[in-house]
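J.: The structure's right below; bear with me while I get my questions together.
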Amino acid sequence: MDGARHSMLARLKGEIDRLESGTAETLRRVPLGHAEADAVLQGGLVQGALHEVFCDGAQAPAATGFAAGVARLLADQRFLLWIRQDFSARENGELAMEGLAELGLDPRRIVMVSAHDADSALRAAADALACNALGAVITELWGDTRAFDQVASRKLTLAAQDSGVTALMLRIAAAPQASTAETRWMVRAAHSPPSEDWGAPVLDTSLIRNRHGQTGRWIMEWNCDACQFREPQTHSRLVAAEVADRSVRTSVTSAGQRLAG
Amino acid sequence: MVAAKRDNALMVVACDARASQGGVLPGMPLATVRAMHPAVEVIDHDPHADAVLLNAIADWCDRYTPLVALDGAEGLLLDITGCAHLFGDEAALMRSLTAALTRQGFETSAAIAGTAVAARALTRGAPRSIVAPGDEARAVAPLPVAALGVDDAIVRGLRRAGLKTIGEVLARKPSELAARFGEEFIAVLRQATGDDDAPISPRRPAPDYVVDKNFPEPVATTDVILPTLLALAKLLIAAMERSGKGARQLVASFFRSDGAVRSISVETGQPVTRVEVVQRLFAEKLDALADPLDPGFGYDLIRLAASVSVTTTEAQRGFDTTAHQAEDVALLADTLAARLGARRVVRYLPQDTHIPERVALAVPVQHCPPDAGDAPWPARADIPPLRPLRLLQQPEPIEVLAGVPDGPPAQFIWRRVTHRVTRAEGPERIAMEWWRAAQPGLTRDYFRIEDEDGARFWLYRDGLYEIEVMPEPDGTGQPRWYMHGLFA
């Protein structure tokens with residue numbers, strides 16, 4: 001009797017392990033392009049999951065840039081639905097299509113939804129995540145809100161898993177709180193590297209939650225040409241594309257050597 | 001009794017049955033009436049309220065025919081061609097209409113005739129009459145001339161000539177009448193006798209497809225609405241499918257038993273050919289109504305109409321997923337637009353201008369031209385982004401400390417925070433479009449700025465120093481600075 005129970009427990013555990021590993025394998029991970037971050041993320045950000053980006057009120061543009069970059073990577077040329085709360089546009093400005101185009105996103109594939117408040121924004125997000133023609137749904141909320149609680153985040157996570165559409169929460173001027181997010185980022189602007197053609201988004205990103213791995217903090221630069229993140233470049237124009245698995249330091253020295261040569 | 005000021009004297013405009021029994025007639029001076037009946041109750045004439053009420057009644061009359069026209073300030077014309085058999089016959093339709101209006105508390109007089117003018121004359125002279133086609137001349141002959149609804153001057157002129165009834169007028173030669181009262185009067189006469197006809201001008205175009213659901217007992221619960229709409233949608237879509245049509249705009253009308261009518265419309269970007277879509281759009285719309293449907297004493301008729309329809313071609317969905325991605329997104333946009341409003345679900349179309357705030361035009365997804373996805377955006381100029389990621393809705397004035405008046409800023413205060421500039425790139429000069437406006441505004445010199453914290457800004461100086469903006473010796477007249485955008 002006891003033995004039978006043990007064997008049954010073992011069988012069920014095995015079943016669970018199989019299911020868990022099975023789901024982990026079917027998840028598609030998209031590399032950010034930043035070698036260290038990708039290593040910590042075990043290959044990149046998971047598609048069809050909920051990711052959160054937090055920032056201070058004054059760092060909204062940097063966080064917007066990060067979210068836009070992540071959405072570009074995860075949406076992969078499909079339609080992007082950007083839902084924003086009206087107050088956020090008043091406070092931090094409207095999303096500028098020219099600027100997005102320069103970052104490598106296609107304005108023709110962006111649908112913008114303005115929501116009165118956090119509740120209607122989240123409802124629209126839940127509906128949108130059911131539409132698998134979309135690549136990603138970005139929900140931009142301003143300030144702390146009770147609307148996005150555990151239940152709401154669970155709802156979005158399940159919807160994202162079902163359809164494979166990535167859910168991105170852009171939380172401006174909000175404090176991180178418990179949720180079912182796969183990853184949670186805290187983003188602020190970082191100094192541009194000392195070069196002539198400065199101005200590409202350089203971001204100080206902290207991965208403050210990662211469901212399947214460690215956390216970390218990296219300076220990332222968005223490469224508008226390759227549409228990927230990368231280590232900040234000390235020299236403006238690299239001749240060759242960088243190797244993905246090289247650490248920050250070697251890339252810096254190699255860049256320096258090229259400069260000297 | 002209703003009175004209003006006409007020609008500097010208070011005149012009776014309208015009165016009820018009791019007043020007319022007492023000898024009061026519209027057009028009498030109020031002072032005369034007061035002398036006759038000191039206790040008479042007088043209400044100020046409110047033409048606007050009358051018009052609103054008449055329109056509400058006209059809305060309600062939509063249940064008999066889609067073609068309802070206002071006839072002056074006090075009448076309605078219904079074109080019931082092809083509608084009468086739905087209510088039995090013409091007499092049954094008129095009985096039903098007048099009985100319902102009487103229940104609502106209105107006094108009515110109605111008549112049915114082959115032409116609008118004949119019907120109008122009969123309602124005034126001989127209510128409740130139904131005139132067979134071709135019989136109009138005989139029916140209107142005994143009526144007074146005033147029943148035609150023509151100008152008062154004509155009526156007075158005819159009376160002075162001794163012609164009191166329409167029949168007496170008709171006995172005259174048309175050429176004599178035309179010389180005295182004009183061709184238009186002849187046209188009205190010909191219409192009154194049925195020799196000629198003019199179409200009525202309905203208040204709104206007749207919808208392409210309509211389905212109704214009548215309730216013998218008014219339903220007063222809201223849960224019946226959606227199932228009814230679903231059943232109606234099935235009928236409507238089936239009817240449209242037979243002629244290869246899809247709906248671009250659907251209107252659901254709820255007729256309350258007390259006469260109030262509420263119409264709710266949803267619009268779609270793609271023509272609707274599926275019942276589920278209709279149901280979903282209305283569910284969203286009803287859910288999002290600011291003032292919800294109030295069934296009151298219950299609805300006795302719910303109607304669904306396709307007011308705008310387009311020809312659709314049934315296309316088999318291929319295996320190419322990108323082709324119907326756009327279709328699915330359009331469907332989602334319709335749903336969101338039904339709930340949030342069409343102006344809140346937009347796409348951006350590039351505009352041929354270099355003024356930053358006008359480059360992207362927000363267009364509701366539902367109203368996007370089909371080829372909107374093809375309009376190319378200008379290619380990126382160079383490696384660092386030259387345009388901000390977020391553009392403030394209004395450029396915000398900032399206080400700037402600049403080394404030289406026409407140079408980049410060294411420090412600025414925006415939203416009460418001081419930012420020290422560590423890097424600046426510019427100016428990028430953007431002149432206003434003089435060919436669009438007489439006063440196009442000042443030339444802007446834009447700078448890309450990075451502050452000591454690494455935040456990147458896009459700000460501009462309004463006006464060229466010493467060219468458009470003239471500094472005064474006392475230090476005033478300096479160019480103003482504005483924050484316009486934020487880089488990532």
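The values are calculated or read from the model by the stated rules, or taken from the named source; none is laboratory data. The structure presented is a predicted model; accordingly, all values stated were derived computationally and were not measured. Virtual Cβ from ideal backbone geometry, glycine too; neighbours counted across all protein chains shown.
J.: For B:ALA362, which of the numbered conditions (1) at pLDDT 90 or above; (2) buried (at least 21 other Cβ atoms within 10 Å of the Cβ) fails to hold?
T.: (2)
J.: Here is a list: B:GLY182, B:GLY125, B:GLY105. Which entry is more than 30 Å from the chain's Cα centre (by Cα) and surrounded by fewer than 17 Cβ atoms within 10 Å (Cβ to Cβ)?
T.: Sole residue among the options that is more than 30 Å from the chain's Cα centre (by Cα) and surrounded by fewer than 17 Cβ atoms within 10 Å (Cβ to Cβ): B:GLY182.
J.: Kindly state which strands (runs of 3 or more DSSP E) lie completely within region B:325-431 and contain at least 1 residues that are of a type outside the set (Asp, Glu), touching a Ser or Thr at 6+ places or on another chain (Cβ under 8 Å) and more than 7 Å from chain A (Cβ to nearest Cβ).
T.: B:409-414, B:417-430
J.: Just give me the residues in region A:42-66 being farther than 30 Å from B:PHE457 by Cβ, under 11 Å from the mean Cα position of the chain (by Cα) and touching a residue at least 40 places away in the same chain (Cβ under 8 Å), in sequence order.
T.: Within region A:42-66, A:VAL46, A:GLN47, A:ALA49, A:LEU50 qualify.
J.: Here's another thing I want to ask about it. Whether any residue in region B:259-276 is crowded, with 21+ Cβ neighbours inside 10 Å, in a helix (DSSP H, G or I) and among the β-branched types (Val, Ile, Thr) is what I want to check.
T.: Checking region B:259-276: not a single residue is crowded, with 21+ Cβ neighbours inside 10 Å, in a helix (DSSP H, G or I) and among the β-branched types (Val, Ile, Thr).
J.: Within region A:29-36, is there a residue that is in a strand (DSSP E or B) and basic (Lys, Arg)?
T.: Yes - at least one qualifying residue is present in region A:29-36.
J.: Another one. Can you tell me which residue among B:ALA198, B:ALA192 is closer than 23 Å to B:ALA69 by Cβ and surrounded by 15 or more Cβ atoms within 10 Å (Cβ to Cβ)?
T.: Only one candidate passes the filter, namely B:ALA192.
J.: Follow-up. Considering region B:69-85 alone, what residues qualify as being under 17 Å from B:ALA132 (Cα atoms) and either touching a residue at least 60 places away in the same chain (Cβ under 8 Å) or outside any loop (DSSP other than H, G, I, E, B) (or both)?
T.: B:LEU78, B:ASP79, B:ALA84, B:HIS85
J.: Kindly indicate whether B:THR81 is within 23 Å of B:GLY114 (Cα to Cα), among the hydroxyl-bearing types (Ser, Thr, Tyr) and surrounded by fewer than 17 Cβ atoms within 10 Å (Cβ to Cβ).
T.: Considered against the rule, which asks whether it is within 23 Å of B:GLY114 (Cα to Cα), among the hydroxyl-bearing types (Ser, Thr, Tyr) and surrounded by fewer than 17 Cβ atoms within 10 Å (Cβ to Cβ), B:THR81 comes out as yes.
J.: Another question, then. Of all residues in region A:162-177, which are small (Gly, Ala, Ser) and closer than 28 Å to A:ASN132 by Cβ?
T.: A:SER163, A:GLY164, A:ALA167 - these are the residues of region A:162-177 that are small (Gly, Ala, Ser) and closer than 28 Å to A:ASN132 by Cβ.
J.: Now a separate question. Which ranges mark the helices (runs of 4 or more DSSP H) fully within region B:147-228 that have 1 or more residues being polar (S, T, N, Q)?
T.: Answer list for region B:147-228: B:174-181, B:183-192.
J.: Considering only region B:217-229, how many residues are out of contact with any Gly (no Cβ under 6 Å at 6 or more places or on another chain) and farther than 23 Å from B:PRO66 by Cβ?
T.: Qualifying residue count, region B:217-229: 7.
J.: Where in region A:41-159 are there strands (runs of 3 or more DSSP E), lying fully within it, with 3 or more residues that are surrounded by 24 or more Cβ atoms within 10 Å (Cβ to Cβ) and more than 7 Å from every other protein chain (Cβ to nearest Cβ)?
T.: The strands (runs of 3 or more DSSP E) meeting that bar are A:50-55, A:79-85, A:134-142.
So that you can scan it fast, the table gives a plain yes or no per residue for (1) assigned by TED's automatic domain parsing to the domain that holds B:ALA99; (2) touching a residue at least 12 places away in the same chain (Cβ under 8 Å); (3) crowded, with 19+ Cβ neighbours inside 10 Å; (4) farther than 21 Å from B:VAL272 by Cα:
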site: B:ARG203; (1), (2), (3), (4): no, yes, no, yes
site: B:ASN214; (1), (2), (3), (4): no, yes, no, yes
site: B:LEU226; (1), (2), (3), (4): no, yes, no, no
site: B:LEU230; (1), (2), (3), (4): no, yes, no, no
site: B:LEU236; (1), (2), (3), (4): no, yes, yes, no
site: B:ALA247; (1), (2), (3), (4): no, yes, yes, no
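J.: Of the conditions (1) touching an Asp or Glu at 6+ places or on another chain (Cβ under 7 Å); (2) under 30 Å from B:GLY134 (Cα atoms), B:GLN104 clears all except one; give me its number.
T.: The single condition B:GLN104 does not satisfy is (2).
J.: So, in region B:365-384, how many residues would count as being surrounded by 20 or more Cβ atoms within 10 Å (Cβ to Cβ) and either in the same structural domain as B:ASP445 (by TED's automatic domain parsing) or at pLDDT below 85 (or both)?
T.: 1
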